[in-house]
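Worksheet: the structure to be examined is printed underneath.
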Amino acid sequence: MTINVEEIVIGILGGTGDQGKGLARRFAMAGHSVIIGSRNEERAKTAADEIAQETLDIQGRVEGRTNHDTARYAQIVIATVPWEGHGELLTSLASELAGKIVIDCVNPIGFDARGAYALPVAEGSAAQQAAAVLPESTVVGAFHHVSAKLLLDPGVAEIDLDVLVLGDDREATDLVQALAARIPGVRGIYAGRLRNAGQIEALTANLVSVNRRYKAHAGLRITDV
């Protein structure tokens, strides 16, 4: 069945964090119905209400549900959960996510006195871990380097960013590229198969270092494409 990208119902697991709320806000502004998921349904509903009240030009609809209901009712799901609970949560949602595209944007990075650094992942990356625990889903890596502050900032009309999209299914990566482009200023750029997700996730540590040094919200642009 062909999915019309403009009508996709998007679910965001762990959507009460800044990145989840920021993506929910931008996709709702683009006209999508968005479901914010959380272990705590009341927190999810509060986050959805905040977006609806603070975003005057919202065109879609935002609601809050549990992570399980979000996985069940959304057509495409974005995982924005903390790395520490990533594998456990996705494993618990395997049946609800079967047959769906799951976009993983989790970055396994740590922080110490010397700054941000990439954490080792047994499967190679968070996206590959997601694929391992969700064998009946199509996992795509994307949205790793989007600044939550820019997504949430009402003074920012366009996000100056290319979203690198990784996956093993061409139809799925094409769809996620098109979905990324629903956010004004953003392009979705195919960046390889899922086995290449590790270095994309790890690059976030470098961007954190750039942003701290220059007090910026830097992203990536791919030239000559």
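Throughout, read-outs are computed from the coordinates displayed, never taken from laboratory work. Computed from a prediction, not measured in an experiment: that's the story for all the values here. When we count neighbours, we look across all protein chains shown, and the Cβ atoms used for this are built from the backbone with ideal geometry, even at glycine.
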For this session: Calculate the dipole size of the chain relative to its Cα centre from +1 charges on Lys and Arg beta carbons and -1 charges on Asp and Glu beta carbons; express the result in debye to the nearest 20.
Result: 480
Seminar exercise, completed: For the stretch 5-214, percent of DSSP beta bridges that are antiparallel (nearest 5) comes out at 15
Exercise. Which of these values of semi-axes √(5λ) of the Cα gyration tensor in Å was calculated from the structure shown: [x] 43, 18, 15; [y] 23, 21, 18; [z] 28, 20, 17?
Worked result: [y]
For this session: Over all directions, average the projected area of the Cα convex hull of the stretch 68-131 and note it in nm².
Result: 4.5
Problem set entry | Residue exposure sequence - Ile109, Ile78 - by fewest surrounding Cβ within 10 Å | Ile109, Ile78
Exercise. Which one of Ala127, Gly17, Ile222 is farthest out on the positive end of the charge dipole of the chain, using unit charges on Cβ (Lys, Arg +1; Asp, Glu -1) and the Cα centre as origin?
Worked result: Ile222
Problem set entry | Ranked packing of 185-191, 36-42, most packed first, by mean Cβ within 10 Å | 36-42, 185-191
Seminar exercise, completed: Whole-percent tail of the Cα-Cα distance distribution for the stretch 108-215, cut at 23 Å, equals 34
For this session: Label the stretch 19-71 by shape, choosing from rounded, prolate and oblate, from the square roots a ≥ b ≥ c of the eigenvalues of the Cα gyration tensor; if a/c is under 1.5 it is rounded, and otherwise prolate applies when a/b is larger than b/c, oblate when it is not.
Result: prolate
Exercise. Using only the Cα atoms of the stretch 1-118, what do you get for the radius of gyration and for Dmax, in Å?
Worked result: 14.5, 50
Exercise. Shape call for the stretch 182-225 from the C-alpha gyration tensor, a ≥ b ≥ c root eigenvalues: rounded (a/c under 1.5), prolate (a/b greater than b/c) or oblate?
Worked result: oblate
